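A.B. asks: Structure below; questions to follow.
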Amino acid sequence: MTGPEPIARRHAPAAPAWLIAAKALAHALALAPLAWLAWRAWQVQSGADIDALGADPVALIEHTLGLWALRFLLLTLAVSPLRQLTGQPALLRFRRLLGLYAFAYASLHFAAWLVLDLRLDWGSVATEIARRPFITVGFLAWLLLVPLAVTSTRGWMRRLARNWQRLHRLVYAIAALAVLHFWWVVKSDIREPLLYAVLLAALLGWRLWRRLRPAPRRA
């Protein structure tokens, strides 16, 4: 038998109701694109609308999953600037949630490529990754996301201490690789990847400006 639960754990403060509601809404919004894809796929499978996924269903599925992975990645990077501009520290409570959804959508994007494009032909995986630069940078971005997702818990923050922040700075390189991957995939009409490149440049530029600006003088 185990002893009584520690008092600190028994009396841990409950999360405020507004935070629970806000996180529930964030989860619902984050899962909406996946639910939309599942609904369209069901329509195709059931025969209700065989064109629900367009002329190239595989491309649509992969594009949607990859695009949302990039969007969640940029939203994760936007949390700190928004917190600094608004003075609302509560925004930081959503950074881990957004980052994990970025990893989830990136993993589904990678899985869709393996299953729908390569038909789980494992012999072709390494060849495709090495031969096509846009797949190389996309795979590298996903690979670098793995340790960030694994170490996103408070336990890992305590274990790694200062090294945790150094490790998670990889997100800047990951975002750049993701934008480059999207740019190379699109090939012709670059307006959308250009928009994401500009957003990423603004988010990184804000951080650089904050780091390089002179410290405020004290009276």
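A.B. asks: So what's the back-of-envelope 222 nm ellipticity for the chain, counting only DSSP H runs of four-plus at -39500 (n - 2.57) apiece and dividing by all residues, rounded to 500?
C.D. replies: -25000 deg cm²/dmol
A.B. asks: Okay, next question. Between 0 and 90 degrees, rounded to the nearest ten: what's the tilt of helix 122-131 against the longest Cα principal axis of the chain?
C.D. replies: Taking Cα atoms only, the helix is inclined about 80 degrees.
A.B. asks: Let me ask another. Where does helix 133-150 land angle-wise versus the long Cα axis of the chain, in degrees 0 to 90, nearest 10?
C.D. replies: Approximately 30 degrees, to the nearest 10.
A.B. asks: Can you give me the distance in nm between label points at ILE50 and ALA130, each placed 7 Å from the Cα along the Cα-to-Cβ direction?
C.D. replies: 4.1
A.B. asks: Taking the chain as the reference, fit the longest principal axis to its C-alpha atoms, fit the long axis of helix 95-112 to the helix C-alpha atoms, and give the angle between the two in degrees, 0 to 90, nearest 10.
C.D. replies: 20
A.B. asks: Counting other beta carbons within 10 Å of each Cβ, put LYS187, LYS23 in order, fewest first.
C.D. replies: LYS187, LYS23
A.B. asks: Which order do LEU144, LEU98, LEU70 fall in if you start with the one that has the fewest other Cβ atoms within 10 Å?
C.D. replies: Placing the least packed residue first, the sequence is LEU144, LEU98, LEU70.
A.B. asks: I would also like to ask the following. Which of VAL115, VAL44 comes first, and how do the rest follow, when ranked by fewest Cβ neighbours within 10 Å?
C.D. replies: VAL115, VAL44
A.B. asks: Shifting gears a bit: Take the alpha carbon atoms of the range 56-208, find their radius of gyration, then divide it by 2.2 N^0.38 Å using N residues; give the quotient.
C.D. replies: 1.09
Where a number appears in this text, it was derived from the coordinates with a stated rule and is not lab data. Predicted model, so just to flag it, every value in this text is computed and none were measured. Glycine also receives a Cβ, built like all others from the backbone with ideal geometry; neighbour counts cover every protein chain displayed.
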